Amino acid sequence: MSVPSAAIGPQPAHAARVPPGLAILVLALLLSIQPVTTDLYLPALPALTRSLGAPVAAGQLTLSALLLAFGCSQLAWGPLSDRFGRRPVLLVGLALYTLASVGAVLAPSMDLLVAWRTLQGAAMGAVVMCARAIVRDLYTPLAGARAMSKALTGLGLIACLCAPLGGLLTEWLGWRVALLALTAYAVATLALVALRLPETLGQRNPHALRPATLVSTWALVLRSPTFRAFSLLTTASYGGLFTFLAASSFVYLDVLGHTRTQYGLVLLSTAAAYLLGTLLCRRLLARYGIKRTVAIAGALSASGGLLTLLAAALGWHRVEALLPPFYLFMLGHGIHQPCGQSGAVGPFPQAAGVASALNGFMMMLAAFAIGRWLGRALDGTVWPLVQGVALWSVLLAAIAWTLVQRHAPQEPAHGR
C-alpha cells in the first residue's frame, strides 16, 4: 500500500508514508465536513426557523454558535493532537460529530437545536484542525499548498452537491431530513479514517499539554509574522465567504423571492467558482510561486467585492447583477485558502496542531462576530450582504498585497 514519499512531494523527516491518492481523498473529506455542515444546512435555515417558531436571530445562532464552538474547540484539539497524534483525535471528533448530528435531527426546540449544533461545531473543530495539521505532517510548505489545493478541489466538488441537495431535501422531505444527510457523511468519513488512515504525526510531543509548554508554543506561533500574515489572509477570505453564506439564504429566498431549489443552484454556482479557483491556484503556484499567486488572488477578491457593491448602488437588486461579481471573489477564495492554510502551519513542523488550531480559531471568531452582526443587521434588503462582502474583499486585498508579500517564505517558482 505504501509508496515512496517522493510520489507525493517532498516530506518532512519522520512523515508517515501514505499513498498519495488516499492522502488527498482523506484530506478532501475531512476539510469538506465544514461546507457539508453549512452549505447543506443553509437552504433549510429559514424553514427550520419558522418550523420551530423562532425569530431570525435565533436561526442565525444555530450557525454562529456552531462556528464559535468550531473555532474555540481547536485551541484544545490542537495540543491534544500534538500530544496523542492526529488519528485518535480524528476518531473522537468524528464520533462526537455523528452523535451531535443525530441530536440535531431530533431536536424538538430551537434551544436544543442550538445546543446540538454547538457540540457539532466543537467536534468539527477536531476534524478540520487535524486535516490542516496532517498537511504539515506529510508535506513541506510549498508542496503543502499544492496538496491543499487538490484537497480543496475535492471540497469544491462536494460543496457543489451540498447546496442543491440541501434545497431539494428540504423542499421534498423537510429540514430534518436535510440535517440527517450530515449524519450519513460523518459515518462514511469515520469508517474511512478508522479503516485506512495511519497516524501521520512522526513524533508526538509528550509535553504538549503542560501549561507552560502551551503558553510558550502559542506565543511562538503568534509571534511569527508569517503565521500572522497567512492567518489574516484566510480570516479575511473566510469572512467574506461567511457573510455571503449567513446572509444569502434570507436575501435570496425572502428578499429576491427565489425558491429553495433555485437558491441551491445559486450556492452550487458559487461552489463551482471556488472549485475553479483551486484549479487556477495550482497553475499559478507552478508558474509564479506563493507571493505572486496570492497577489493575483487579491485583485480577484477586490474586484468581486467592489463590483457587487457597485451593482447594488446602481439599483440592480437582481440575482443576474449581484451574483456574477461574487464569482470573482470565490475564484480568489479558491486561491487564498490553500495558500493561507498551508502557509500558516508551514513554519511549525513540531507544533502544526497548535498553529492549525490558532489559524482556525481566528477564522471562526470572525465568523461568529459576523453572524451576530447579521442577526441584527438583516433588514429585508440586500445591503447587509453586499456591504459585508465589499468590506472583507478590500481588507483581503490589502493583506494579500502587503503582509503576505513581506512575510511569505522565499521559495522558487517551478516552471511547467
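Throughout, read-outs are computed from the coordinates displayed, never taken from laboratory work. If you're wondering where the values come from, they're calculated on a predicted model, not measured in any experiment. Quick reminder, even Gly has a Cβ in these numbers, built from the backbone with ideal geometry, and neighbours come from all protein chains shown.
Which percent of the Cα-Cα distances in the stretch 335-379 go past 17 Å?
46 percent
Set Lys and Arg Cβ to +1 and Asp and Glu Cβ to -1, take the dipole of the stretch 67-212 about its Cα centre, and tell me which of Ala163, Met110, Gly85 lies farthest positive.
Result: Gly85, furthest along the dipole toward the positive end.
Could you tell me, in Å, what Rg and Dmax come out for the Cα atoms of the stretch 50-154?
16.1, 51
Nearest 20 debye, what's the magnitude of the dipole of the stretch 101-254 about its Cα centre given +1 on Lys and Arg Cβ and -1 on Asp and Glu Cβ?
The dipole of the stretch 101-254 has a size of about 620 debye.
Grab the DSSP H runs of the chain that are 4 residues or longer, score each as -39,500 (n - 2.57), total them, divide by all residues and round the 222 nm result to the nearest 500 deg cm²/dmol.
Result for the chain: -28000 deg cm²/dmol, rounded to the nearest 500.
Find the all-direction average of the projected area of the Cα convex hull for the stretch 154-262, expressing the result in square nanometres with one decimal place.
Taking a quarter of the hull surface, the average projection is 10.9 nm².
Taking every pair of alpha-carbon atoms in the chain, give the share separated by more than 34 Å as a whole percent.
24 percent
Place the peptides 327-334, 252-259, 358-365 in order of packing, highest mean first, counting for every residue the other Cβ atoms within 10 Å and averaging per peptide.
Those peptides, ordered most packed to least, come out 327-334, 358-365, 252-259.
Based on the alpha-carbon set only, what is the convex hull volume of the stretch 214-346 divided per residue, in Å³?
120 Å³
To make sure I understand, if each residue's beta carbon is the centre and we count other beta carbons within 10 Å, what order do Asp379, Asp137 fall in, fewest to most?
Asp379, Asp137
To test your reading of the geometry: what angle, between 0 and 90 degrees and rounded to tens, separates the Cα axis of helix 383-401 from the longest principal axis of the chain?
Taking the Cα atoms of the chain, the angle to 383-401 is about 20 degrees.
Could you tell me whether the stretch 92-172 comes out rounded, prolate or oblate from its Cα gyration tensor? Rule is a ≥ b ≥ c as square roots of the eigenvalues, rounded for a/c under 1.5, then prolate if a/b exceeds b/c, otherwise oblate.
oblate
Highest first, please rank the peptides 207-218, 385-396 by the mean number of other Cβ atoms sitting within 10 Å of their residues.
385-396, 207-218
What order do you get for 180-189, 269-278 when each peptide is scored by the mean count of other beta carbon atoms within 10 Å, highest first?
With the highest mean Cβ count within 10 Å placed first, the list reads 269-278, 180-189.
Quick check of the Kirkwood formula: for the stretch 72-226, what is the inverse mean of 1/r over all pairs of different Cα atoms, in Å?
17.3 Å
Going by the alpha-carbon gyration tensor, a ≥ b ≥ c the square roots of its eigenvalues, is the stretch 351-416 rounded (a/c under 1.5) or, if a/c is not under 1.5, prolate (a/b greater than b/c) versus oblate?
Since a/c reaches 1.5 but b/c is at least a/b, the shape of the stretch 351-416 is classed as oblate.
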